[in-house]
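First up is the structure itself, then whatever we jot down about it.
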Amino acid sequence: MSDPSYDVVILGSGPVGCVLALSLARNAVHPERIALMGPDPAPRAPDQAIDPRALALNHGSRQFLQHLNAWPARAAEVLTVHVSQAGHLGRTVIDQAELGVPRLGCVVSYDELLESLHAAVQRSGVQRITERPPRPAAGRPVTLRLGHGTVSSRLALVSDGARPQGLHREYDQAAVLATIRAGQPAPGRAFERFTRTGPLALLPHPAGQDLYSLVWCVRPPQATVLAGLPDAAFNQALQNAFGQRLGALRRLGSAHTFPLSLHAGPSLQGLGTLAVGNAAQTLHPVAGQGLNLGLRDAAQLAHMLQPWLASPDQPLQPLLEHYARRRRLDRGLTLGITDMLPRLFATDNPLLRHACGLGLAALDLLPALRTPLARHLLQGQRL
């Protein structure tokens with residue numbers, strides 16, 4: 001049998017796929033035997049409105065991306081997170097000083113992060129295949145049928161964002177995304193406010209100190225209505241839901257919506273095939289954990305594959321099985337937290353809602369309760 005075309009093919013050129021390519025290339029004797037497959041992003045027009053797709057990256061993710069020389073030029077720091085519940089007493093504040101880190105995280109533009117990652121991949125020696133990734137046929141080697149023929153690889157890493165098969169939950173919520181200008185901005189402070197329809201987050205935006213990225217989770221029909229409102233009506237609805245902590249709130253540009261659901265499946269998908277990032281788990285956006293969890297997938301996988309990258313003829317499957325076992329705790333805890341919070345706080349049971357308020361107050365008063373949760377959201381479980 002002839003040698004495979006590549007040692008590794010990464011199916012999906014989004015943030016997690018790019019980070020995987022960069023991490024593996026650093027440890028590979030022949031980085032040109034790693035391929036990253038996926039179409040190039042469409043170029044942005046210079047006069048295009050501020051992109052509301054901002055990404056919250058925790059401190060651990062920032063350190064990882066800086067290590068890969070892929071950190072974007074602009075980022076808004078998050079020093080504190082204010083968590084509250086609409087209509088009830090009780091709130092908690094998570095602060096970077098308490099955790100002994102310079103920042104809890106940063107917010108970056110999706111477009112600017114992807115541009116920085118693609119530039120780093122271009123410098124790395126990794127091969128680019130700008131076709132849309134097909135489904136791999138598991139085996140030894142893995143085969144991929146493209147428009148111009150067949151590509152084979154010893155290892156296929158699926159990071160294309162396709163919904164994983166397995167655990168599935170519909171939240172009856174959709175997220176409304178928009179860029180907001182605040183009349184009284186609070187530099188370095190992010191807000192997560194739980195409402196009867198779902199969480200509402202305002203995150204510092206890298207495009208300006210008075211700008212915030214809005215992620216507003218509501219029932220799907222309400223999301224459609226909100227996205228179609230004129231500016232004045234949208235601003236009033238947002239003000240009513242969020243309150244006056246940032247002064248007058250004004251939408252810039254249009255709003256966008258997307259449905260929210262949980263999908264999670266096994267990391268190991270067959271001989272020589274592994275799923276990471278959104279291809280392994282798609283989470284509710286509460287607490288901004290989806291991309292951070294995917295980046296931890298990439299970091300741990302690259303670490304475990306170091307000996308195999310030095311000698312790709314050695315057995316691969318035991319390493320993949322070991323990786324899948326080691327990722328269970330971090331994945332399970334993060335899925336559990338992000339699945340529980342939006343359902344718990346959106347309950348119609350008044351006793352449970354009061355209990356949630358008391359829970360927030362307890363977190364604020366008792367660091368022994370608050371710190372372990374904050375540390376998990378900051379860096380996950382790195383075993």
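The values are calculated or read from the model by the stated rules, or taken from the named source; none is laboratory data. From a predicted model like this one, the values you see are computed outputs, not experimental measurements. All Cβ positions, even for glycine, are placed from backbone atoms using ideal geometry, and neighbour counts span all protein chains on display.
From ALA174, ALA233, ALA182, ALA137, which residue is aliphatic (A, V, I, L, M), more than 24 Å from the chain's Cα centre (by Cα) and within 21 Å of ALA264 (Cα to Cα)?
Checking each option against the conditions leaves just ALA137.
Taking only the range 258-282 into account, find how many residues are crowded, with 18+ Cβ neighbours inside 10 Å, closer than 22 Å to VAL215 by Cα and of a type in the set (S, T, N, Q).
So the count comes out to 3.
Whether any residue in the range 139-154 is farther than 13 Å from VAL8 by Cβ, touching a Ser or Thr at 6+ places or on another chain (Cβ under 8 Å) and in contact (Cβ under 8 Å) with a residue 60 or more places away in the chain is what I want to check.
No.
I want to confirm something. Restricting to the range 169-186 and keeping residues that are hydrophobic (A, V, I, L, M, F, W, C) and in contact with a Pro (Cβ under 8 Å, 6 or more places away or on another chain), which single residue is surrounded by the fewest Cβ atoms within 10 Å (Cβ to Cβ)? Walk me through how you get there before you give the answer.
Going residue by residue through the range 169-186, those that are hydrophobic (A, V, I, L, M, F, W, C) are 174-178, 180, 182, 186.
With in contact with a Pro (Cβ under 8 Å, 6 or more places away or on another chain) added as a condition, the list becomes 174-175, 177-178.
Working: ALA174: 23, ALA175: 23, LEU177: 20, ALA178: 23.
Result: LEU177.
Out of all the residues in the range 210-229, which are surrounded by fewer than 16 Cβ atoms within 10 Å (Cβ to Cβ) and of a type in the set (Gly, Ala, Ser)?
GLY228
In the range 318-340, what count of residues is obtained for those that are over 19 Å from SER261 (Cβ atoms) and in contact with a strand residue (DSSP E or B) (Cβ under 9 Å, 6 or more places away or on another chain)? Steps first, please.
Pass one, the range 318-340, residues over 19 Å from SER261 (Cβ atoms): 318-330, 333.
From what's left, in contact with a strand residue (DSSP E or B) (Cβ under 9 Å, 6 or more places away or on another chain): 320-321, 323-324.
Going through the range 318-340 one residue at a time, the tally reaches 4.
If we keep just the residues of the range 110-151 that are of a type in the set (Ser, Thr, Tyr) and out of contact with any helix residue (DSSP H, G or I) (no Cβ under 9 Å at 6 or more places or on another chain), which is surrounded by the most Cβ atoms within 10 Å (Cβ to Cβ)? Outline the logic, then answer.
From the range 110-151, those of a type in the set (Ser, Thr, Tyr) are 110, 116, 124, 130, 143, 150; that's our starting set.
Cutting the leftovers down to out of contact with any helix residue (DSSP H, G or I) (no Cβ under 9 Å at 6 or more places or on another chain) gives us 130, 143, 150.
Working: THR130: 10, THR143: 17, THR150: 10.
So the residue we want is THR143.
State all residues of the range 151-184 that are over 23 Å from GLY294 (Cα atoms) and either assigned to a strand (DSSP E or B) or among the basic types (Lys, Arg) (or both); if no residue qualifies, say none.
Within the range 151-184, the subset over 23 Å from GLY294 (Cα atoms) is 151-152, 172, 178-184.
Of everything in the range 151-184, those that are over 23 Å from GLY294 (Cα atoms) and either assigned to a strand (DSSP E or B) or among the basic types (Lys, Arg) (or both) turn out to be VAL151, SER152, ASP172, ALA178, THR179, ILE180, ARG181, ALA182.
Please find, among ALA298, ALA302, ALA287, the residue that is assigned by TED's automatic domain parsing to the domain that holds LEU22, aliphatic (A, V, I, L, M), in a helix (DSSP H, G or I) and at pLDDT below 95.
Criteria check complete, one pass: ALA287.
LEU36: in contact with a Ser or Thr (Cβ under 6 Å, 6 or more places away or on another chain), modelled with pLDDT of 95 or more, among the hydrophobic types (A, V, I, L, M, F, W, C) and at negative phi, yes or no?
yes
Among what's in the range 152-168 and is within 18 Å of the chain's Cα centre (by Cα) and more than 30 Å from ALA223 (Cα to Cα), pick the residue that is surrounded by the fewest Cβ atoms within 10 Å (Cβ to Cβ).
Restricting to residues being within 18 Å of the chain's Cα centre (by Cα) and more than 30 Å from ALA223 (Cα to Cα), the top hit is VAL158.
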